[in-house]
Amino acid sequence: MGFGTEQDRLMLDYLLGRLTVEDRLRVEEAYFLDDASMARLEFLEDRLIDEYVNRELSPRDRADYESHFLASPRRLEKARLSQALRLAALRDKHRSARTSFWEFLLRPGFRTLALASASILLVCGWWIAIQSRSELARVREALARQQRQPEPAPARPVAAFLLYPGLSRGTAATGRLSIPRTTGLQVRFQLELPEAAPPPPYVVSLRTEDGNVLWSGQLDQSTAGTVTAAIDGALLAEGDYLFVLETAPPVRRLASYPLSLLKP
Amino acid sequence: MAPVMSDSEPVPPLPNREKTPGTSRTLDSAAFESLLRLLDPDRDKAGQRYEYLRRKLTMFFENRLHPDSEHLVDVVMDRVACKLRDGMSIPPVDSVRFLYGVARMVALEEHRRAAREQTTPLTWEVPDRLQPDERELECLDRCLNALDPATRGTVLGYYLGQGSAKLNNRTGIAARLGITHAALANRTWRIRTRLARCVRQCVEQDR
């Protein structure tokens, strides 16, 4: 606790019970006869309480404070009130901060800003949607082109589907995939790799609704961000399935592709 | 309901004590009136002076570690009042010095009595007793709400922050109010005194 004058130091020592009898009488006489001294002493008393409550007293002052100063019930009450006021001040500050935040949000300026931001987001969203749609069209076109190209000596009929992580789409863009009941049919599932996928090899498994692995294989190559799993059509019955794409050991799941198969 | 708070100190009523232990005199209204007249011819001012002198006496006994300072303050006031009633003439200019002399005498008597009776010194546990309880906090809220917003803001602002942040904060409040640090401390002291009284009344009212 810092003090400007020798008199302040003397008064502090008085409050903390450190004075000799002579000095104590000197301080007592001073504040009894001089109201300004009393005012100063009360001010220092308050400051002492204040700094005690704020844990700003030196260890020595703190020890003397607790052993001498707090012996008085009145001072104890003052210290409790100071503590309570400190808590109230903190609470009030937090409350005001919350209120200011809401007031800020409701300000006409902020409302305009929020409206402008929302408009920008809307435009960006629309642009992204357009871009995604054209990308999808490009992929479909590429797939269709692939399908139009003559298969090198196709030994058996093939049905192909493009699957996206988390969803499935057939070449006919339906939610459910229809495969013909053709004998010897090979079904090719082209799985789009997720964005953060590491380079091949991958392990792909096709699981039934109840979790049994119907088919699995290691795929060592990817093409245009996709890998292809070719499965014998005879293995596939109508029902719900899940393709799981994982890294080769150590195994880490990268994506899953749910799908429903129909065999009309 | 929050207790009503007033800025002015009321004239103190006659203390409710038939006979004060430690004196051989009985305090009555005549003695009390004599004391007030000594302190100031104006009754209101005398009342304020009486309260102020009680504060000085409380400070005195507290610093001498007397366990029941309030009681000893009563003893001093009663003793001076009875002397006045019984015809002792004390020049107003010497009234405070006289009071101080009586206070020292009472302190000495109390010291001797304690030594004779081997009174156990006060013991206290600091940390627990410093924490205000829920009731006190509720009452403080009520009392703060009874203040006008500017006064409330001043006192709460005064208690905000620690270390240099607290000092800066107080400097800001003093500058805003156009007063010195010392004046701000005094103003806060007065507000806190009112709050202390209000909280005490509120807590007692709800008991």
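Points to keep in mind about this one:
- Selection status of A:S168, in a strand (DSSP E or B), buried (at least 18 other Cβ atoms within 10 Å of the Cβ) and at pLDDT below 85: yes
- Qualifying residue in region B:163-172 (condition: at pLDDT 85 or above, within 23 Å of A:S96 (Cα to Cα) and under 22 Å from the mean Cα position of the chain (by Cα)): no
- Selection from region A:243-264 of residues that are in a strand (DSSP E or B) and either farther than 20 Å from A:G225 by Cβ or among the charged types (D, E, K, R) (or both): A:E246, A:R253, A:S260, A:L261, A:L262
- Positions within region B:143-184 being away from chain A (no Cβ under 11 Å) and not in a helix (DSSP H, G or I), in sequence order: B:L147, B:D148, B:G178, B:I179, B:T180
- Helices (runs of 4 or more DSSP H) contained entirely in region A:1-77, each with at least 1 residues that are within 18 Å of B:T188 (Cα to Cα), in contact (Cβ under 8 Å) with a residue 24 or more places away in the chain and among the hydroxyl-bearing types (S, T, Y): A:35-53
- Unmet criterion (only one of (1) surrounded by fewer than 19 Cβ atoms within 10 Å (Cβ to Cβ); (2) more than 8 Å from chain B (Cβ to nearest Cβ); (3) closer than 22 Å to B:S164 by Cα) for A:S37: (3)
- A:S132 being assigned to a helix (DSSP H, G or I), at pLDDT 75 or above and over 30 Å from B:N145 (Cα atoms): no
- Subset of region A:10-34 [more than 9 Å from every other protein chain (Cβ to nearest Cβ), within 60 Å of the chain's Cα centre (by Cα) and not aliphatic (A, V, I, L, M)]: A:D13, A:R18
The values are calculated or read from the model by the stated rules, or taken from the named source; none is laboratory data. Note that the coordinates shown come from a computational prediction; the quantities given were computed from them, not determined experimentally. Backbone-built Cβ (ideal geometry, glycine too); neighbour counts: all protein chains shown.
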